[in-house]
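Right, one structure below, let's go through it.
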Amino acid sequence: MRIIEIAGRSLEILKRRGASKAQVKASETEKHELWVDAGQISLFRTTHNDNLINTAILDERRGSYSSNQLDDTALEEAAETAIVFAKASPPDPAYDIAAKQSPENFVIGRSEPDRELMFERLKAFLDYVAHMHPKVMIRQAALSFDHERTIFLNTNGVNFLATGGNYNFGVVFSSKNNDVITSFNYTGCAMRDLGRELITYGSLADSLARSEAELDSRPLSGKFEGEIVLAPDALVDFIQMFCDKFLTDPSLIAGTSPLKDRLNQTVAAPALTLKSEPLSMDLATNYFFTRDGHKAQNSRIIDHGNLKSFLLSLYGANKTSQPRAVNDGSCYIVEPGTVTREDLIRSVKRGLYVIRTSGGTPNDRGDFSFVAKNSFLIEDGEIRYPVQEVMISGNLLDVYKNIQGISREQINFGFHIFPWLKTVNLTISGK
Amino acid sequence: MIEKNLARYRHLFHDYTELRAQEMRYQVIAFLNGNLVANHLDVNSGISARVYQAGSWGFASHPGRDDSAIKTVVTEAGHNAGFLARKLRKKLPPLPVSAAHAEKNLSTHKQRLSQKELIQFNKELEHYIGQNYKNLVSRRVIIQNIDREISLLTSLGAESYTFIPRSKIYISLSAEKDGAPVEVYDVTGGLGHFEDLFRTPADLHPFIDNLYNKLLDKREGERPESGVVDCILDSRVAGILAHEAVGHTTEADLVLGGSVAANNLQKPVASPLVTLVDFAHTALGKTCPEPVYVDDEGTPPEDVVIIEQGILKQYMHNRESAMLFETAPTGNARAWTFSDEPLIRMRNTAILPGKDKLADMIASIQDGYYLCATGNGQADATGEFTFAVTQGYRIHNGKLGKAILDTTITGIAFEMLKTVTMVSDEMHWTVGGLCGKKQLMTVGMGGPSLKCRVMIGGK
């Protein structure tokens, strides 16, 4: 295969040019995408691309260079540039590459799209929405088939090859009735095949069914301390922010993560178990080795409220003397709870059913102020009406400590699996 | 480098066709607490074609740059357009015809710095911070350079070549207060290569000192009281307001999707003090941060006066939306990389300066906030905008008081803009703006300081 030969040659050139340690990651990708604009199928796009990332370490100095040009001249130039960059870098003993592991070849999913079926499924989805939810406007949508072949080699003998393809679907929509329009909402999913109608995947059916009700949205007056039930779509952002902000290299190397000394300690309510499972066959977006070239494993990040793993890279682990993560995060699964989502809502005295949030990211302490979008007021256990111009303020760490319930239902998005989750002690403020 | 002139491939075109060669060079050098955590250059180049057939689009791209790759993308784009055209059979008028010609290369004429020299520059800044401000928990210094080089040929006769570089230095400082971190950051730089924007590390010492003083203020800060408040949005914040609150809702594809701007053309949507323009390449006699001399459909770009003295006047268009709205395209079609299709994107969106003085504006507020720096933001079809505020101060009796901690502000754009009662005489362009809308895009955002009412999050 072309990409294997190119990666092998690149590694040899890096060694020849003086790298004491080196790694090469080469990939070829193909995308076939149908694009919807203002409710109409508008574009069919096919892209082909390559990528070659060379990383060189000499005398504890590291540099890297990537390009999508793979001719002979480009390969020499790529290696030479990585070496020059490495020589320019200050030394750091934390720079390293993955240790030797047994070579492996991973294959998953389809190798080619079914274009006719893609068109059929997308058209059926648009027809379904037009028929069942006539006030919903599909602003934009994309159905794509993405295929990638990637090889990872390093001078310790690591040799991993992964080949895979899956479908991805994303949609942005709102509802409109005369001059009244709702906030736009969006959701998406990943699938190994198109065996079912698109509406059956992820939270699409739920999200679209709820959209027209939002036409009746009203502002809220005043502010109060309340409870929120996060829908799975909202939890996507909350989980991603928690992991990116507190568990990855930048905040742990900087020493600003409030969780830096909390490994194996309680950081969340016992109800919460958060896993990262890139190998799970329940998901459609698997990966098999990390960006450092370690064979990926499934992991528990939080186990019944206890922090069990950071998401540190090899460099981050060496820098902080903390354990390296066994994967690169993502592919998140929150284990289901014991109550129904209806029971979670019934348990709320006064608060919000939060579908989506907007407004920046939490600061280094975890403090946030978000606007609750596509969301609903809950009073005395009942959903009253959709709200607009409402903010939720709180602290991300407290959100997890104050969890009061997790639903037994989950939504499988194909890239994550999340339930509904209730937490308390947020400031909810309106006009 | 890409091929500057694609004219010899014109014979490959049958239907409406755009052929685009594009290269993006992305370079990053990042120090975190004295550790070099990023030392990387990425070069991504290739060729793409987009074809329009009977109301449907086909697109194809390839990383190759030779004749074979070019023939492949034109053929594949044609097949893709044909696939959709046969299925959809749209009956639409033809696309508007226009063809721009331009050649603009904004590269430096100076000797380029080596990677070693750039790392040394960064390291000296990093060292200055470490030596002078020892009570910091963390410090981050990032050099980021983005070069976008584009050649375009269209079947309508447009031909262009542009090279637009951008360079910025991002600095963030964190200190501790009661065991919790407090962070401030700022960015400097803009249009041009590094060598044209930055001379010596010492030139940036006042920038760093100023940022450190803001950190000291913020370390003693408190969370704002949530609710609707009077505030002064500093000129460094006005740009993101223009972009998020108004700009997105007036992109014609979002108008077609039902944005709030759809029913408000020629109606008052803001105070008469507000005029908001999406500039192509020149504003108030100066080159904008993201100059567009030809858009990625080959359209000659026009300035779009979106709001004029409070009245909503125009939308931003590509060829297809212009056809649907029966107007002229405005040159807003832009694609991020060679493998992306052009979408309607903003270019340099700004509120025009007024006549008031910032000091008078602050003095006019009894109880409110002065909001000085922002993080990312988001727009909505309803006109509800949100964006993060990372630096600000309380105002009480017309005077600046304590700093505030991070917060978010929001409002409904066409209501909030009607509350504008003062507009300063300054003009500030934000450095390094990046917009996300299916694809990333470098954008310019700017404006003066504004006095208005917004909803603020907090305790």
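The values are calculated or read from the model by the stated rules, or taken from the named source; none is laboratory data. From a predicted model like this one, the values you see are computed outputs, not experimental measurements. Every residue, glycine among them, receives a Cβ derived from its backbone with ideal geometry; neighbour counts consider all protein chains shown. Protein only, heavy atoms only, side chains kept; ligands, DNA and RNA dropped before computing areas. Shrake-Rupley method; radii C 1.70, N 1.55, O 1.52, S 1.80 Å.
Observations
- Working from Cα pairs under 8 Å separated by at least six residues, relative contact order for region B:133-221 is 26 percent.
- Heavy atoms of chains B and A lose about 6500 Å² of accessible surface on contact, summed over both sides with a 1.4 Å probe.
- Radius 15 Å from Cβ of B:R86, net charge of other residues (Lys, Arg +1; Asp, Glu -1): +3
- Residues losing 20 Å² or more accessible surface upon assembly, region B:414-459, compared with the chain by itself, 1.4 Å: B:E415, B:K438, B:M455, B:G457, B:G458, B:K459
- Cα centroid of region B:339-358 to Cα centroid of region A:136-214, whole Å: 30 Å
- Net charge contributed by nearby residues that have their C-beta within less than 11 Å of B:V389 (K/R +1, D/E -1): -1
- Per-residue mean of C-beta atoms belonging to partner chains within 10 Å, peptide B:262-271: 1
- In degrees, nearest ten, helix A:2-16 long axis to first principal axis of chain A (Cα): 60 degrees
- Modelled spin-label separation between B:H396 and B:R89, with each label point placed 7 Å from Cα along the Cα-to-Cβ direction: 7.3 nm.
- In chain A, a dipole from Cβ-located charges (positive for Lys and Arg, negative for Asp and Glu) runs towards its positive end, and of A:G164, A:P90, A:Q297 it is A:P90 whose Cα lies farthest in that direction.
- Residues along region A:62-101 losing 20 Å² or more of accessible surface when the other protein chains are present rather than the chain by itself (probe 1.4 Å): A:R62, A:S64, A:Y65, A:S66, A:N68, A:Q69, A:F85, A:A88, A:P90, A:Y95
- Each other residue within a Cβ distance under 10 Å of A:R300 adds +1 if Lys or Arg and -1 if Asp or Glu, for a net charge of -1.
- Alpha-carbon Rg/Rh ratio, for the protein assembly as shown, with Rh computed the Kirkwood way: 0.93
- Degrees between helix A:232-246 axis and first principal axis of chain A (Cα, 0 to 90, nearest 10): 40 degrees
- The mean number of Cβ atoms from other chains found within 10 Å of a Cβ in peptide A:180-187 is 4, as a whole number.
- Carbon + sulfur, % of accessible area of region A:126-252 - ligands and nucleic acids excluded, 1.4 Å: 50 percent
- Spatial separation of Cα centroids for region A:51-69 and region B:1-76, in angstrom: 23 Å
- Farthest toward positive dipole pole in region B:376-459 [+1 Lys/Arg, -1 Asp/Glu at C-beta], among B:I395, B:G436, B:M422: B:I395
- Accessible area per residue for region A:329-392 is 31 Å², calculated with a 1.4 Å probe on protein heavy atoms, without ligands, DNA or RNA.
- Per-residue [θ]222 nm for chain B (sum of -39500 (n - 2.57) over DSSP H runs n ≥ 4, rounded to 500): -5500 deg cm²/dmol
- Note on A:E116 and B:D367: their simple-model spin labels are 7.0 nm apart, each label 7 Å out from Cα toward Cβ.
- Average beta carbon contacts from partner chains per residue of B:28-35, 10 Å cutoff: 3
- Axial C-alpha extent at least 15 Å, average Kyte-Doolittle at least -0.5 - helices from chain B (DSSP): B:67-88
- Between A:D193 and A:E225, full extension at 0.36 nm per residue minus the direct alpha carbon distance yields a gain of 7.0 nm.
- Region A:87-132, accessible area per residue, ligands and nucleic acids excluded (1.4 Å, Å²): 57 Å²
- Taking the 1.4 Å solvent-accessible surface of chain B as the whole, the part contributed by carbon and sulfur is 50%.
- Taking every protein chain into account, the 1.4 Å probe leaves A:M132 with about 100 Å² of accessible area, to the nearest ten.
- Estimated from the Cβ-Cβ distance and a Förster radius of 35 angstrom, the FRET efficiency linking B:E220 and B:L265 is about 0.15.
- Using a cutoff of 8 angstrom between alpha carbon atoms and counting only pairs six or more residues apart, the relative contact order for chain A works out to 15 percent.
- Ordered by solvent-accessible area of protein heavy atoms (1.4 Å probe), largest first, the residues B:R345, B:R223 come out as B:R223, B:R345.
- Extreme residue, positive dipole direction of the protein assembly as shown, given options A:I53, B:N122, B:H281 (C-beta unit charges): B:N122
- Per residue, region B:245-302 exposes an accessible area of 30 Å² to a 1.4 Å probe, with every protein chain left in place.
- Residues losing 20 Å² or more accessible surface upon assembly, region B:224-256, compared with the chain by itself, 1.4 Å: B:S226, B:V228, B:D253, B:L254, B:L256
- Remark: accessible surface ordering of A:L396, B:L106 (largest first) is B:L106, A:L396, probe radius 1.4 Å.
- Segment A:T340..A:E382, full-extension length gain: 13.7 nm, with 0.36 nm per residue of separation and the alpha-carbon distance subtracted.
- Computed accessible area, B:R140, all protein chains, 1.4 angstrom probe, square angstrom: 50 Å²
- Antiparallel DSSP beta bridges within the protein assembly as shown, as percent of all bridges there, nearest 5: 85 percent
- Principal-axis analysis of the Cα atoms of chain A puts helix A:72-88 at an angle of about 80° to the longest axis.
- Mean residue ellipticity (222 nm) of chain A, computed from DSSP H runs ≥ 4 via -39,500 (n - 2.57), nearest 500: -7000 deg cm²/dmol
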